[in-house]
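So the structure is just underneath, and the comments pick up after that.
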Amino acid sequence: MLNIPLYRIGQKILNTKCIDLLVGQYRCQHPKIDDQTQEPQGCERHHFVLNGEEKFNDTAPIICYTAPKITCQGGIYNETIDGYVFEKRKSCRWTNGKYYRTTLILSLFLGIFGIDRIYLGYYVSGLLKLFTCGFMLVGALVDFLLIALQVLTPADGSHYIIDYYGPRILWTEFNENRTYLKPQIY
């Protein structure tokens, strides 16, 4: 256990964990990008169950530093920067070896034979496409659009390998429960 000095303000002792610091009280290094996955190095998938449904949380570690004179628990003091060094988790996209470009090309040229679905791990629907000529070409066209829009992803729940600054689609959702209105003061 680290012996960390605590600040006293009046009679109050500030006892903050490093991961709970506010923006501006710390800075983080840019993550190192893995050449194979095009994601931050150390990207891991963590499973958890919420309301009986299995969910995933994909995160990667990054190194952060507190601003000078900021004290926190869970970090290691560094005299050179006059602050604490700690590890924070950054969200990432866990991949399992399926390339976006490869899937798109397979879907364009061999989608009628179901090769794109088999490559992604959907073996039954891939064989159905094979025996029905891509569901009479309509299924092949629909699959090409779903893959291009990154709606159809690998069967194991992972993401495609796409260049770090590549054509990723980020879905935005709007929910009334997440909208906060600040009352207007006259």
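The values are calculated or read from the model by the stated rules, or taken from the named source; none is laboratory data. Keep in mind it's a predicted model, so treat the numbers as computed, not measured. All accessible areas refer to the heavy atoms of the entire protein, side chains included, with ligands and DNA or RNA removed. Shrake-Rupley method; radii C 1.70, N 1.55, O 1.52, S 1.80 Å.
Less than 5 angstrom separates the built amide H of His159 from those of Trp94, Thr95, Asn96, all sequence-distant by 5 or more or on a different chain. For the stretch 97-161, the mean projected area of the C-alpha convex hull, equal to one quarter of the hull surface, is 3.5 nm².
Here the stretch 97-161 exposes an accessible surface that is 80 percent carbon and sulfur, computed with a 1.4 Å probe and the other protein chains kept in place. Taking max minus min of the alpha-carbon positions on each principal axis, the stretch 27-186 gives extents of 68, 50, 32 Å, largest first. Shape class for the stretch 18-93: oblate, because the ratio a/c of the largest to smallest gyration tensor axis (alpha-carbon atoms, square roots of eigenvalues) is 1.5 or more and b/c is at least a/b. Based on protein heavy atoms only, the stretch 97-161 ends up with 55 Å² per residue of surface accessible to a 1.4 Å probe.
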